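For reference, the structure discussed in these notes is given below.
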Amino acid sequence: VLGTVILAAGVVSRGLAAHRVPWGNMYEFCTTGALVVAAVFLLALARKDLRFLGSFVIGLVVIMLCAAAIGFPTPVAHLVPALQSYWLIIHVSVAVISSALFTLTFAMSVLQLLQAHREGRARAGQQDRPGFMRVVPSALTLETVAYRINAAAFVLWTFTLMAGAIWAEKAWGRYWGWDTKEVWTFVIWVVYAGYLHARATRGWTGTRAAWLSIVGYLCLVFNFTVVNVFFSGLHSYSGL
């Protein structure tokens, strides 16, 4: 909680210094995203005991902050004309919230694979070694919770895709232009849609569902890092 409050103060200070919402480049995306991940995790704790996710979630937050400070340091600057729109607040805020939820389900899916391996060893009669996995819920419970959170995050990501198309029409006069960022945003949507469909109708449960969830999050990370930094296009706002 203390770390989240301090991080929030840093993000707010950045916004006050820039006289705008603090998500106009990679540095600001990382810091704001880290804040939202931590805040969403704390809010989730108020409804369900997810403390076993703490090390994984806060570890990802630390990685995001290190990436911001070391890899993407960017001085305060004005937004490029295309970003000077109220759609920035709508589109990016929903995208960050859905990404935070996907971060939680990524951590759950990783733990699910580890717990499934542990449960398999127990069924085979192998002696269980003492460790932190003893306090983690069963693989089935982790999968169920991850599926529900992924379903909610998928709805938000769908809105992100739609809002981005509307914003693109206002900024560039077209809803879709096959820009690299647009394509990968759609790829992420397809992967998570496939995950939800496969688990609900095709019986893709257990480790297969966990791996699909992990692949979806890796696509999200690729879109945020590699696409932003190495691919040029209308969405080249990394600030680097």
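The values are calculated or read from the model by the stated rules, or taken from the named source; none is laboratory data. The structure presented is a predicted model; accordingly, all values stated were derived computationally and were not measured. Quick reminder, even Gly has a Cβ in these numbers, built from the backbone with ideal geometry, and neighbours come from all protein chains shown. Just the protein is used for accessible areas: all its heavy atoms, side chains included, with ligands, DNA and RNA removed. Shrake-Rupley method; radii C 1.70, N 1.55, O 1.52, S 1.80 Å.
Would you confirm whether or not the range 189-206 contains a residue that is farther than 30 Å from Glu143 by Cβ and either among the charged types (D, E, K, R) or surrounded by 13 or more Cβ atoms within 10 Å (Cβ to Cβ) (or both)? Taking every residue of the range 189-206 in turn, none turns out to be farther than 30 Å from Glu143 by Cβ and either among the charged types (D, E, K, R) or surrounded by 13 or more Cβ atoms within 10 Å (Cβ to Cβ) (or both). Here Asn228 passes the criteria (1) open to solvent by less than 40 Å² (accessible area, probe 1.4 Å); (2) at pLDDT 85 or above except the one numbered (2). Pairs linking a residue in the range 1-20 that is over 27 Å from Leu45 (Cα atoms) and open to solvent by 50 Å² or more (accessible area, probe 1.4 Å) to a residue that is modelled with pLDDT under 95 and hydrophobic (A, V, I, L, M, F, W, C), with Cβ atoms under 6 Å and 6 or more positions apart or on different chains, are Ala17/Val76.
Evaluate the range 169-177: report whether one residue or more is part of a helix (DSSP H, G or I), in contact with a helix residue (DSSP H, G or I) (Cβ under 7 Å, 6 or more places away or on another chain) and crowded, with 18+ Cβ neighbours inside 10 Å. No, the range 169-177 has no match at all.
Exactly one residue out of Thr141, Thr158, Thr103 is open to solvent by less than 30 Å² (accessible area, probe 1.4 Å) and assigned to a helix (DSSP H, G or I): that is Thr103.
Yes or no: Val36 part of a helix (DSSP H, G or I) and either farther than 20 Å from Cys66 by Cβ or within 20 Å of the chain's Cα centre (by Cα) (or both)? Taking the combined requirement at face value, the residue satisfies it.
Quick one: would you say Ala139 is touching a residue at least 40 places away in the same chain (Cβ under 8 Å), closer than 26 Å to Ser55 by Cα and not polar (S, T, N, Q)? Yes: the conditions hold for Ala139. Residues that are open to solvent by less than 40 Å² (accessible area, probe 1.4 Å), part of a helix (DSSP H, G or I) and either among the aromatic types (Phe, Trp, Tyr) or free of Cβ contacts under 8 Å to residues at least 40 places away in the same chain (or both) within the range 68-92 comprise just one, Trp87.
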